[in-house]
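Q: If you scroll down you'll find the structure; I have some questions about it.
Where a number appears in this text, it was derived from the coordinates with a stated rule and is not lab data. All figures in this text were calculated on a predicted structure; none of them were measured in a lab. Please note: Cβ atoms are built from the backbone with ideal geometry, for glycine as well, and neighbour counts cover all protein chains shown.
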Amino acid sequence: MCLVCVCVCVWVTGVCVCVCLGDWCVCVCHSEEGYIPSNYVTEKKSGNLVQFVWYSKHVNRNKAEELLRKEDKEGAFIVRDSSSPGAYTVSLYAKSTAGEGGAVIKHYHIKETHGRDAPRQFYLAEKHLFSSIPDLIEYHKHNAAGLVARLRYPVGKQDKSAPSTAGFSYEKWEINPSELTFMKELGCGQFGLVRLGKWRAQHKVAIKAIREGAMYEEDFIEEAKVMMRLSHPKLVQLYGVCSQQQPIYIVTEFMELGCLLNFLRQRRGGLTLGALLSVCQDVSEGMEHLESNGFIHRDLAARNCLVNDALVVKVSDFGMARYVLDNQYTSSSGAKFPVKWSPPEVFYFCKYSSKSDVWSYGVLMWEVFTEGRMPFEQSQNHEVVALITQGHRLYRPKLATPTIYDIMQLCWRERPEERPSFSQICLMISSALEGDAPP
Ligand code: ADP
């Protein structure tokens, strides 16, 4: 059984997108949502490709070439079914390659390892093996690693959004704690210890054990039902809760490389401008999904984003600030209140909105382009309030081009309604990526 997969349901013909946990899956089939026992659902062999913007099932080699030529962009690519059944090909367009003159289109077969007892793995270039095709694609979005270009622009599908599983009523969201096993410690946060674990001895998950007195638990458990419906490739998925015990556990998607802030700090000097922008793009996409569902994060910052082993950045801890039982964190004059990430309407009036998230997103962009520096490093919170009120803003990081800094500044407009929405930010980041310097 998979946790999030494309599954074939036995009584609904066709391919459905399902989120499965415990004995139940919630499946979206032909735009209808339904609740299906997990033993009626099997993982489709190809993995969950249909939900990805880069996958075009019915595109052959000639059609792929035609689409890529029409797009005429360095790194334009399509993942399609190969002529040999069950296999996939990446068709990739590169404008200039040394010695080959003008544009070239290369077709790379996605190969699979066939170890006897080992799980199968996928690769394009020999050295880089991945447990799934989406992971492989994510990696090559950032690293050409033997390909003629990195995979920059998916071409083909018009509708770029992944199918949403929002709208179902998830009654069976409780996870049986006896089905969890604990492995190593991952970190410690506001709510308590986070550990790596396995669900049903198979699926890696992150398990947060909530320290007694750290959270408004009942309110959170109620809200968790809503949060579980928020499902997007750039949001850390909430799988469920063990709420019938103390401490309660929150079970989420495991992100191998941990929090974004440490990731940036550890790789100082080693990330290209394209890689930094792509971090911002991931976060903007996750936030766009929250915005379109009317869900406010309230504490967006690099420390609250996580990175997986395919170098995908996902937004985490959305909405959790409301359940913190700690005055130092919740009161705007408290020492732990994220003043440096907050717009004036939040530190003065606690007025949260998607537009206050946009302000925080601008600060997160600044954290990314300073490779993890502390904003207003030399200033105390009350001094930052005064500076912002007087119209001061964070300086332009050395790595940020004027265009990138312009986006940050739009996010820091005093009047919330003058800030861009996340859907606008997504477009701005995409066009900045198009004009970005070579990696
Ligand atoms: P809290 O919400 O209690 O403040 P955090 O979410 O900040 O806790 O988690 C603390 C640390 O644990 C993070 O900085 C990160 O290193 C690690 N961590 C948390 N969630 C995950 C996860 N899903 N995958 C991997 N590591 C995680």
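Q: Plugging the Kirkwood radius over Cα pairs into Stokes-Einstein for the range 310-353, at a temperature of 4 °C and a viscosity of 1.567 mPa s, what D comes out in µm²/s?
A: It diffuses with D of about 110 µm²/s by this estimate.
Q: Viscosity 1.002 mPa s, temperature 20 °C: what is the translational diffusion coefficient of the range 173-219 from Stokes-Einstein with a Kirkwood Rh over Cα pairs, rounded to a whole number of µm²/s?
A: Translational diffusion coefficient: 186 µm²/s.
Q: Separate question: What does the extension gain come out to for residue 212 and residue 196, with contour length at 0.36 nm per residue minus their alpha carbon separation?
A: Gain on stretching residue 212 to residue 196: 3.7 nm.
Q: May I pose another question? Among the listed pairs 57/208; 57/225; 225/355, which have their C-alpha atoms separated by more than 28 angstrom in this model?
A: 57/208; 57/225
Q: Restrict the search to the range 356-439; then list the trypsin sites (Lys or Arg not before Pro) that DSSP places in a loop and that have at most 12 other Cβ atoms within 10 Å of their Cβ.
A: For trypsin sites (Lys or Arg not before Pro) across the range 356-439 that sit outside H, G, I, E and B with at most 12 neighbouring Cβ atoms in 10 Å, the list reads 398.
Q: Determine how many Å³ per residue the convex hull of the Cα atoms of the range 168-326 encloses.
A: 116 Å³
Q: Say R0 is 22 Å: what FRET efficiency, to the nearest 0.05, do residue 112 and residue 83 get from their beta-carbon distance?
A: Rounded to the nearest 0.05, the efficiency is 0.85.
Q: Residue separation times 0.36 nm, minus the C-alpha to C-alpha distance between residue 128 and residue 427: what's the value?
A: 104.6 nm
Q: Would the range 397-439 count as rounded, prolate or oblate if I go by the C-alpha gyration tensor, calling it rounded below 1.5 in a/c and otherwise prolate when a/b exceeds b/c, oblate otherwise?
A: Since a/c reaches 1.5 but b/c is at least a/b, the shape of the range 397-439 is classed as oblate.
Q: Separation between the residue 176 and residue 266 pseudo-spin-labels, each 7 Å from Cα along Cα→Cβ, expressed in nm?
A: Taking the simple label geometry, residue 176 and residue 266 are separated by 3.5 nm.
Q: Given a cut-off of 27 Å, name the pairs among 106/141; 73/340; 63/234; 73/204 whose C-alpha atoms lie farther apart than that in the structure shown.
A: From the list (106/141; 73/340; 63/234; 73/204), the Cα-Cα distance tops 27 Å for 73/340; 63/234; 73/204.
Q: So, one more: Using label points projected 7 Å from each Cα along Cα→Cβ, tell me how many nm separate residue 351 and residue 222, to one decimal.
A: So the two model labels end up 2.6 nm from each other.
Q: How long is the gain from residue 326 to residue 183 if the chain were fully straight, where each residue apart is worth 0.36 nm and the alpha carbon distance is subtracted?
A: Contour length minus Cα-Cα distance gives 48.6 nm.
Q: Kindly rank 122-130, 225-233 from highest to lowest mean number of other beta carbons found within 10 Å of each residue.
A: Going from most to least packed, we get 225-233, 122-130.
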